[in-house]
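Asker: Encoded as C-alpha cells, here's the structure I'll be asking about.
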Ligand code: NAD
C-alpha cells in the first residue's frame, strides 16, 4: 500500500494539494492496514484557507439568516441520507463499533438541526425609553473567520458542534480536523459543499500541530473553537488569547460515577460498563472512576467484574464486537503502561478481559481495578482507554469530596433511588455535565456542552445558546429621533 492516496485540503470550494510535502500515515486501528496519507499542512496552507474565508465572509454575512439556515437544513438532509456511509468511515478510521458511530453521527445531526434555528436564536432585544424618547437595541453579528480544531474521538459530531453553528451565524469557517481521522472530515466537507454552502465559507485544512499553530498566529482568524486533550487545550487557549482571539477550549476528563448503596444494580451496572468501556474508553464523557459508597462495594465489583470478563473486544466492524481497538499502537502502549502503573501502585485487578493480539490491531484487554485510592495516579490522570477504577468510600459526603478533588470536572454521575442524595450531588459536584442514573450525561445539542476546572478553558461552552453567543458579537445601538 505504498501508493495510498495523499488527501487534499478543501479551500474556496475546491480540492487542492497541500503545499506542505510532509505526510502522516492513516491506519485502520482494527487491522493496522494503511488507509491514506494525510498532509501536515503548514502556514502557507492555512493562509490560503484564511484568505478564501476572508473573501467569502462579506457576501455570506449579508445572505439572509433564513437562507443560511436553509443551507443547514439541506446539510441536515444530506447527513441523514449519508448517515451509514459516515458511520462506516468512522468505524474504519476511528475504530468505534457501527452502533457507536451511528449514534455519534446522530448527535452531529442534532447540532445541525439546532443551528438551523438561528432566525430565532440570533435575535437581539430592544428596550424602549431607556431615557425619555431614547431606545436601545442589541443585535448579534458574526465575528468573521472562525477556526475549529477537533480531536480524533468524534470525527463527525465535534466538527458539527462547530461548523453549522458558526456558519449559520454568518461566519466563514475553517476546520482543522484530527490528523488521525481525516477521511471522515473529507466526507463531511463534500456534504457541506453539496448543501449549497458557497465556496470559501467552509474550508478544510488537514494537519497537526503546525497547522494549529499557524491558525493561532494568523491575524485573519477571529475566533477558535478547540476540543482535545488538556495540554493542547491549555496551549490553544493561552496562545489564541495572547493573539487577541476569542477562544473556547474543551479539554480532557476524569469522570466519576458515584454508586449509592440503594442503587438499582441491575440497571446501573450495564450503564456503568457502557460508560467506561464503550468506544474503548475513548470518550470525554467516559466513566473512569467508580466511587462505591459502602456497603455496595462487594456486590458492585462482583457484577462489574463479570461484565468486564464478558466484553467482546475485536474488530470495530464485526457484529459481535462491543469494544473496538484504541486509536494507535502508541496509545495502546500508553494504556497498557497505565495498567502496569495501577498494579504497581497497589490497586487490585478485579477483572481483566481478553483481546486479540497486538499484531491484528490496537486492542487493549479491558481492566477493572478495585481498592484504588484517590491519591493513586490511575485515579487522577486521564487514561482514555478501557480501564475502570473503583474507589470505596463510607458516605456520600466522602464520595463528593473524592470526586471534587479531581483537577478535571467534565462530567459526573450518581446512581441512586434517593432524591435527596441526587439533589446533594447536583448541588455540590464541581463538574459541567452531570447525570442521575445516566452513565454518559451528554447534553443534547440545544444545551451547552463543556466541563469545569481543568476540563475547560474559556467561558462560553460549545453548542446551545452559548455557541450562538460565541459565534456572534453583540452590538448595542442607542437611538434618539429629533
Ligand atoms: P489532541 O489534543 O491530541 O488533539 C486535538 C487537536 O489538537 C488535533 O486536531 C491535533 O492535531 C491538535 N494538536 C495535537 N497536539 C498539538 C500540539 N502540541 N499543538 C497544537 N495542536 C495540537 O487530542 P486527541 O487525542 O485528538 O483527543 C482526545 C482528547 O480530547 C482527550 O483528552 C479527551 O478527553 C478530549 N476530548 C474532550 C472533549 C470535551 O468535550 N471536553 C470531547 C472530546 C475529546
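The values are calculated or read from the model by the stated rules, or taken from the named source; none is laboratory data. Owing to the predicted nature of the structure, the values given are computational and were not obtained by experimental measurement. In this analysis, Cβ positions are derived from the backbone assuming ideal geometry, glycine residues included, and neighbour counts consider all displayed protein chains.
Asker: May I ask you to verify whether residue 363 is in contact (Cβ under 8 Å) with a residue 40 or more places away in the chain, within 28 Å of residue 108 (Cβ to Cβ), more than 16 Å from the ligand (Cβ to nearest atom) and not assigned by TED's automatic domain parsing to the domain that holds residue 294?
Answerer: no
Asker: Okay, next question. Here are 349, 290: which of them is assigned to a strand (DSSP E or B) and surrounded by fewer than 21 Cβ atoms within 10 Å (Cβ to Cβ)?
Answerer: 349
Asker: Can you name the condition, by its number, that residue 197 falls short on among (1) assigned by TED's automatic domain parsing to the domain that holds residue 43; (2) within 26 Å of residue 461 (Cβ to Cβ); (3) touching a strand residue (DSSP E or B) at 6+ places or on another chain (Cβ under 7 Å); (4) buried (at least 24 other Cβ atoms within 10 Å of the Cβ)?
Answerer: Going through the list (1) assigned by TED's automatic domain parsing to the domain that holds residue 43; (2) within 26 Å of residue 461 (Cβ to Cβ); (3) touching a strand residue (DSSP E or B) at 6+ places or on another chain (Cβ under 7 Å); (4) buried (at least 24 other Cβ atoms within 10 Å of the Cβ), residue 197 breaks only (3).
Asker: So how many residues does the stretch 220-239 have that are assigned to a helix (DSSP H, G or I) and within 11 Å of the ligand (Cβ to nearest atom)?
Answerer: Total satisfying the criteria: 8.
Asker: Just wondering, is there one or more residues in the stretch 380-394 that are closer than 19 Å to residue 282 by Cβ, assigned to a helix (DSSP H, G or I) and modelled with pLDDT of 95 or more?
Answerer: Yes: the stretch 380-394 contains one or more residues that are closer than 19 Å to residue 282 by Cβ, assigned to a helix (DSSP H, G or I) and modelled with pLDDT of 95 or more.
Asker: Okay, next question. Pairs, please: C-beta under 8 Å, at least 6 apart or cross-chain, first residue more than 12 Å from residue 462 (Cβ to Cβ) and modelled with pLDDT under 95 and in the stretch 220-238, second outside any strand (DSSP E or B) and within 11 Å of the ligand (Cβ to nearest atom)?
Answerer: Qualifying pairs under 8 Å: none.
Asker: A further question follows. Look at the stretch 140-157 and say how many of its residues are buried (at least 23 other Cβ atoms within 10 Å of the Cβ), more than 6 Å from the ligand (Cβ to nearest atom) and within 21 Å of residue 473 (Cα to Cα).
Answerer: Number satisfying all stated conditions: 5.
Asker: Report, by residue number, each residue of the stretch 422-440 that is surrounded by fewer than 19 Cβ atoms within 10 Å (Cβ to Cβ) and part of a loop (DSSP other than H, G, I, E, B).
Answerer: 430, 437, 438
Asker: List the number of the failed condition for residue 58; all other conditions in (1) exposed (fewer than 14 other Cβ atoms within 10 Å of the Cβ); (2) not assigned by TED's automatic domain parsing to the domain that holds residue 187 hold.
Answerer: (2)
Residue-by-condition table, conditions (1) crowded, with 21+ Cβ neighbours inside 10 Å; (2) away from the ligand (no atom under 14 Å from the Cβ); (3) more than 26 Å from residue 472 (Cα to Cα):
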residue	(1), (2), (3)
202	yes, yes, no
209	no, no, yes
247	yes, no, no
250	yes, no, no
275	yes, no, yes
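Asker: Checking the structure you have, find out if any residue of the stretch 329-352 is assigned by TED's automatic domain parsing to the domain that holds residue 274 and in contact (Cβ under 8 Å) with a residue 60 or more places away in the chain.
Answerer: yes
Asker: Taking into account only those residues within the stretch 388-399 that are touching a helix residue (DSSP H, G or I) at 6+ places or on another chain (Cβ under 7 Å) and surrounded by fewer than 24 Cβ atoms within 10 Å (Cβ to Cβ), which is nearest to residue 96 (Cα to Cα)?
Answerer: 392
Asker: Of all residues in the stretch 306-338, count the ones that are more than 30 Å from residue 182 (Cβ to Cβ) and in a helix (DSSP H, G or I).
Answerer: Selection size over the stretch 306-338: 4.
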